[in-house]
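Inspection log for the structure reproduced underneath, given as structure tokens.
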Amino acid sequence: MVHIYSANGEHIRKNHPLKSLLSSLPEDIQKRAIRYKSQEAAYNFVVGRLLLKYAIEQMDIPFKYEDIQVSENEKPFYKGASFNLSHSGDLVACAIAKRGNLGLDVEEIKAIDWKSFEAWFTAKEWDVIVNAENSLVKFYQYWCRKESIIKALGLNLSYLNKIEVDVEEEEILIEKKQLVLKELDFGKTYVGVLSADFEITDLKLMNVHF
């Protein structure tokens, strides 16, 4: 089973002072949060950590921020749980399961110069994007899939253009690892994709109110 917990960043910004949220977090996380240039980004970072705490406690696993560990390829993990965080716009989300590796990416669909990202895609992918009825949405659909994959495998962004995906397929073989891909419904203004290296038999999306 995989749970996806999400929260509305705008609602939290309106109802909780950042200073108040930071007070419940360890000093090292507070320092990372205040390094963000925008208050929105700082809030999203903090809410992600609060979502992670909530998600792990829902699994009846005792939680301490200092127990978050990082693998050799810099992928964070927690004993007894696999998780991944993502945020964009006012959406913050956390995917969590008891096993395997997860990669989660969410993107707010907003007007950008998507043509400047051509180098991150294969020729085949770019042809589909350019010729799509709505190229902007198609761009985000491909981007989310590719980023969720590299997050699941613990790869860096430079690997994006080495992966060729098909938005119609729900499985892909990368680096000799079979991944399952699931599109997530966060509303019409967002695209979300979950990647996992195990079969997803049960997937639940839940909104959390802090």
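Structure summary
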{"read-out": "Whichever residue in the range 121-165 is modelled with pLDDT of 95 or more, of a type in the set (Phe, Trp, Tyr) and in contact with a helix residue (DSSP H, G or I) (Cβ under 7 Å, 6 or more places away or on another chain) and, among such residues, is farthest from LEU181 (Cα to Cα)", "value": "TRP126"}
{"read-out": "Count of the range 186-201 residues which are surrounded by 15 or more Cβ atoms within 10 Å (Cβ to Cβ) and either under 18 Å from ASN8 (Cβ atoms) or among the hydrophobic types (A, V, I, L, M, F, W, C) (or both)", "value": "9"}
{"read-out": "Helices (runs of 4 or more DSSP H) lying entirely in the range 7-94 (those with 2 or more residues that are in contact (Cβ under 8 Å) with a residue 24 or more places away in the chain and of a type in the set (Ser, Thr, Tyr))", "value": "39-58"}
{"read-out": "Condition check for ILE174: crowded, with 16+ Cβ neighbours inside 10 Å, of a type in the set (A, V, I, L, M) and modelled with pLDDT under 95", "value": "yes"}
{"read-out": "One residue from LYS182, LYS204 being open to solvent by less than 80 Å² (accessible area, probe 1.4 Å) and modelled with pLDDT of 95 or more", "value": "LYS182"}
{"read-out": "Test: LYS182 is under 20 Å from PHE83 (Cβ atoms) and within 14 Å of the chain's Cα centre (by Cα)", "value": "yes"}
{"read-out": "Residue list for the range 185-210, filter: over 18 Å from the mean Cα position of the chain (by Cα) and in contact (Cβ under 8 Å) with a residue 60 or more places away in the chain", "value": "THR201, ASP202, HIS209, PHE210"}
{"read-out": "Any strands (runs of 3 or more DSSP E) falling wholly within the range 137-210 and containing at least 1 residues that are of a type in the set (Val, Ile, Thr), in contact with a Cys (Cβ under 8 Å, 6 or more places away or on another chain) and closer than 22 Å to TRP126 by Cα", "value": "190-196"}
{"read-out": "Any hit, the range 88-95, residues being small (Gly, Ala, Ser), surrounded by fewer than 16 Cβ atoms within 10 Å (Cβ to Cβ) and at pLDDT below 95", "value": "no"}
{"read-out": "Selection count where residues are open to solvent by less than 60 Å² (accessible area, probe 1.4 Å) and small (Gly, Ala, Ser), scope the range 1-41", "value": "6"}
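Residues checked against (1) open to solvent by less than 10 Å² (accessible area, probe 1.4 Å); (2) not aliphatic (A, V, I, L, M):
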residue: ASN44; (1), (2): yes, yes
residue: VAL47; (1), (2): yes, no
residue: TYR54; (1), (2): no, yes
residue: GLN58; (1), (2): no, yes
residue: GLN69; (1), (2): no, yes
residue: GLU72; (1), (2): no, yes
residue: ARG99; (1), (2): no, yes
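The values are calculated or read from the model by the stated rules, or taken from the named source; none is laboratory data. These figures come from a predicted structure and were not determined experimentally. Note: ideal-geometry Cβ built from the backbone for every residue, glycine included; neighbour counts use all protein chains shown. Surface areas here come from the heavy atoms of the whole protein model, side chains and all, with no ligands, DNA or RNA. Shrake-Rupley method; radii C 1.70, N 1.55, O 1.52, S 1.80 Å.
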